[in-house]
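One structure is given below, encoded as structure tokens.
Each value in this text was obtained by applying a stated rule to the coordinates, not by laboratory testing. If you're wondering where the values come from, they're calculated on a predicted model, not measured in any experiment. Cβ placement follows ideal geometry from the backbone for every residue including glycine, while neighbour counts extend to all protein chains displayed.
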Amino acid sequence: MLKIKRGRMIYKNWLRENFLKGKKPGRSFLKKNISTECLVIGGGIAGLHAALKLIDSGKKVVLLEKTICGGSSSGQSGGFLSPESEEDMSALTKRYDKKSAKTIYGIPKKGVELIANNIKKYKFKCDFRKQDSLLISAKESHNKKIFEEARAKKAANLPHKILNKAELKKIHPGKNYLMGLRYPGSYGIDSFAYCREMKNLLVKKGVKIYEGSEVKKINGNTAITRFGSAKARDIIICVDKLRDEIGGDFSKKYYHLQTYIAISEPLNREEMKSIFPNGELMCWDTNWDYAYYRPVFENRILVGGSSAMTAYMKKERHSPEVINYFIGDLKSNFPKIKNVKFTHYWAGLIDVTKDLVPIADYEPKNKSIQYALGCAGLNWAAYCGDYLARRAVNPKNTRDLSEFLGANRKFFISDKVQSILGKKISFFISHLRHFLK
């Protein structure tokens, strides 16, 4: 990744740097024409989970990845595993009936379970941490969101606890925080390490993985790379930044949001206790700017966020301006860490759909090809990859979720209107409508 010095921070993915520790990952390139039962394109969370389900179902599997497994969005993630993801329960109940809201909520929840179960079963080393979620209000006007989410969770029989200012101070004593909502069922992981552990597991199970092998186009059921090709009966495409040559009309269905992440130097015991005096938490505030932070490896703090000014830019912007705002806000709330340095930061373009729910669907003209797109969250990606693999193996016994995940579901702005407004404006308006509901 591009390495740029910006003041005290280096522009570089610390997760990748820490895992590899200066070593280059070994890669096997596809240099011939091959055939297999099932082909997975993309070595992120979705593709890796699809390959795992396929190989465990007795299929012969090949996986093609453009760079290295975990080398794109999945390996740049902040590693938050929470059922809420982009859609908390209060938002779901406004968009769907009670039964449908429960179904949608269960999708990322199942994704969390898939990832957590793999870590426990195969003893992955990926900084796996049980961390309750904490939604924080920093303004009186934002307390309404806390109460709305609490009511929605109560109606759905989901565990939660509202914390007043005094109760919040005991577990998270930020100077400006007024109210909190705590709920269990969430974890933190090192997403890059998880992808590399998954890759090693798949190789041991017999999956043929070719990294550095970008698919340039697909002819029928054959994927063409620079030096070879792979033909398969079933193809599952789990690629972000999908090119028209392999996405066709599906390329209209996603855009991206730009977010930033920074990592601190190790904190001492007193500094960490000043933020989390009674155990680790993963925290979000209620500002529109998507802001979050949590403890990670070596007593470091990971901070992330985005802004309306940079979220919809077509290309990555490498300025530290946005992430410095969130770092400054964290330090203002916890003065004991005011001298803590943040060593690395990086940006990521996260693929999203217009309603923030992924697409997991068949190619309309070829049902042997399936796509997973817009998986904004590791949990969504894990579920969608697993779901598409189950449909390839045994479609009759796999519940059809096209009502929620289908490419042709109704969006606020149709593809026809999008062709006039353009992608950037169409997605911005769609998301603005979503957040203002």
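Tabulated data for the structure shown
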item: All-pairs Cα distance distribution in the range 178-266, expressed in whole percent, bin size 5 Å; result: 2, 8, 13, 15, 16, 16, 11, 7, 5, 3, 1, 0
item: Dipole axis of the chain (+1 Lys, Arg; -1 Asp, Glu on Cβ), positive-most option in GLN418, ALA150, VAL340; result: VAL340
item: Net charge dipole size for the chain [Lys, Arg +1 and Asp, Glu -1 on Cβ; Debye, nearest 20]; result: 600 debye
item: Dipole of the chain [Lys/Arg +1, Asp/Glu -1 at C-beta], most positive-end residue of GLY304, THR222, ILE429; result: THR222
item: Amide H partners (placed H, <5 Å) of ILE10, local residues excluded; result: HIS344, TYR345
item: Relative exposure of ILE235, ILE10, ILE119, ILE359, judged by other C-beta atoms within 10 Å (fewest first); result: ILE10, ILE119, ILE359, ILE235
item: Estimated 222 nm signal from helices in the chain, with DSSP H stretches of n ≥ 4 weighted -39500 (n - 2.57), rounded to 500; result: -10500 deg cm²/dmol
item: Debye intensity ratio in log₁₀ form over the Cα atoms of the range 96-164, taken at each q of 0.14, 0.25 Å⁻¹; result: -0.63, -1.13
item: Kirkwood Rh, angstrom, the range 5-74 [1 / mean 1/r, Cα pairs]; result: 14.3 Å
item: Qualifying trypsin sites (Lys or Arg not before Pro) for the range 1-104 [loop in DSSP, other Cβ within 10 Å: at most 12]; result: LYS3, ARG8, LYS21, LYS23, LYS31, LYS32
item: Over 29 Å between alpha carbons, listed pairs LYS24/LYS365; LYS341/LYS424; LYS161/LYS273; LYS110/LYS205; LYS59/LYS110; LYS98/LYS253; result: LYS24/LYS365; LYS341/LYS424
item: Mean separation of Cα contacts under 8 Å (6+ apart) over length of the range 126-280, as relative contact order %; result: 25 percent
item: Stretchable slack from SER57 to ARG269, in nm (0.36 nm times residue separation minus alpha-carbon distance); result: 71.6 nm
item: Cα centroid of the range 1-73 to Cα centroid of the range 107-164, whole Å; result: 28 Å
item: Extent along principal axes [Cα atoms of the chain; Å; largest to smallest]; result: 63, 50, 44
item: Value of relative contact order over the chain, rounded to a whole percent, pairs C-alpha under 8 Å and six or more apart; result: 23 percent
item: Whole-Hz couplings from phi, Karplus 6.51/-1.76/1.60, listed for the range 234-246; x for Gly and Pro; result: 10, 10, 10, 9, 10, 10, 8, 6, 4, 7, 4, 5, 10
item: Dimensionless Rg/Rh of the range 283-437 - Kirkwood Rh, Rg from C-alpha atoms; result: 1.05
item: Distance from the range 231-251 to the range 193-209 (C-alpha centre basis), Å; result: 22 Å
item: Per-residue Cβ neighbour rank within 10 angstrom, fewest leading, THR343, THR353; result: THR343, THR353
item: Lys, Arg +1 and Asp, Glu -1 on Cβ, resulting dipole of the range 1-129 about Cα centre, debye, nearest 20; result: 620 debye
item: Loop-located trypsin sites (Lys or Arg not before Pro) in the range 155-215 whose Cβ has at most 11 other Cβ within 10 Å (DSSP); result: LYS175
item: Descending semi-axes in Å of the range 366-437, equivalent ellipsoid built from Cα gyration tensor; result: 28, 15, 11
item: Cα-based equivalent ellipsoid, the range 280-364: semi-axes from gyration tensor eigenvalues, Å; result: 29, 16, 13
item: Long-range amide H partners of ILE369 with built H, under 5 Å; result: ILE235, GLU363
item: The range 220-352 - convex hull of alpha carbons, volume per residue in Å³; result: 173 Å³
item: Approximate spin-label separation LYS125-THR67, in nm, with each point projected 7 Å along Cα-to-Cβ; result: 2.3 nm
item: Residue order, fewest to most beta carbons within 10 Å, for GLU363, GLU321, GLU316; result: GLU321, GLU316, GLU363
